[in-house]
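Okay, so here's the structure we're looking at.
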Amino acid sequence: MSDQWDLTSPEERHLAAGEYVLGVLNSDQKARFEALLAVSHDVRNDVDDWREHLQLFNERLDPKTPPKEIWQRITHATGTRTTPWWQRLGAWQAMAASFGLIAVALGLLWQQAELTSPPEGEAVFVVQDESRTPGWIISATQGGELIVQAIQPTQVGNEQTGELWLIADGTPISLGLLPEQGSRRLQPSAELRAQLFNADLAVSVEPQGGAPEGQPTGPIIDHGRLTPVAGSTIIF
């Protein structure tokens, strides 16, 4: 993959769904993907397809008992002296086939792209059109940097762009232009960062290059607020 998932690409969305099903995403990747999963029927289908596909591998793998040396190394690493719970319950033995499944599936994924880590996000705003099609995912870091990922900006035509606004005391202030595809980082001023997590946000359709007078001129695609992801340390 590139530095950012290009979720406008069906291939990369499908690849991201595979990584999600395998459980190899870190917490930030998972939060970002689940924000899209919650609003996209296509992504839910991708997840279902991967689960069905990987289950076929699982059914073809015979359970394997790890060698005795593995238990000894785990015992040494954990400092366990009595019979450990994983040996009593046979949990690790039962998981052996799953490890094989993950290895096979990861091999398939890595043949297509390299796993990468997107920027850390503490909060997310999914911009949707009237039909609930996700146009962009906007992630905010704890420091107030915004990472915008284009998904399917259906309401932005040729010679147009989406523009993100922060509504401060009823006055819209531009936070920057949104990408047509791929991703983009936005760097609000320190004053705007201080308001970011408690302010209303809106996205409008503007001429290429942005609103000419510094105020929204086109229709509003969506409005809302940043929503904290699981484990966020930000107080909203």
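Observations on the model:
- Meets criteria (modelled with pLDDT under 90, among the acidic types (Asp, Glu), farther than 17 Å from residue 13 by Cβ and not in a strand (DSSP E or B)) for residue 114: no
Condition check ((1) touching a helix residue (DSSP H, G or I) at 6+ places or on another chain (Cβ under 8 Å); (2) polar (S, T, N, Q); (3) modelled with pLDDT under 75; (4) not assigned by TED's automatic domain parsing to the domain that holds residue 153) across all residues:
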| site | (1), (2), (3), (4) |
| --- | --- |
| 2 | no, yes, yes, yes |
| 8 | no, yes, yes, yes |
| 15 | yes, no, no, yes |
| 20 | yes, no, no, yes |
| 30 | yes, no, no, yes |
| 33 | yes, no, no, yes |
| 48 | no, no, no, yes |
| 51 | yes, no, no, yes |
| 57 | yes, no, yes, yes |
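- Subset of region 211-225 (residues that are within 27 Å of the chain's Cα centre (by Cα) and crowded, with 16+ Cβ neighbours inside 10 Å): 221, 222
- Verdict on residue 228 being farther than 22 Å from residue 9 by Cα and more than 21 Å from the chain's Cα centre (by Cα): no
- Residue 151 vs. criteria touching a helix residue (DSSP H, G or I) at 6+ places or on another chain (Cβ under 6 Å) and not assigned by TED's automatic domain parsing to the domain that holds residue 40: no
The values are calculated or read from the model by the stated rules, or taken from the named source; none is laboratory data. Given the structure is predicted, the values throughout are model-derived calculations rather than measurements. Neighbour counts run over all protein chains shown; Cβ positions are idealised from the backbone, glycine included.
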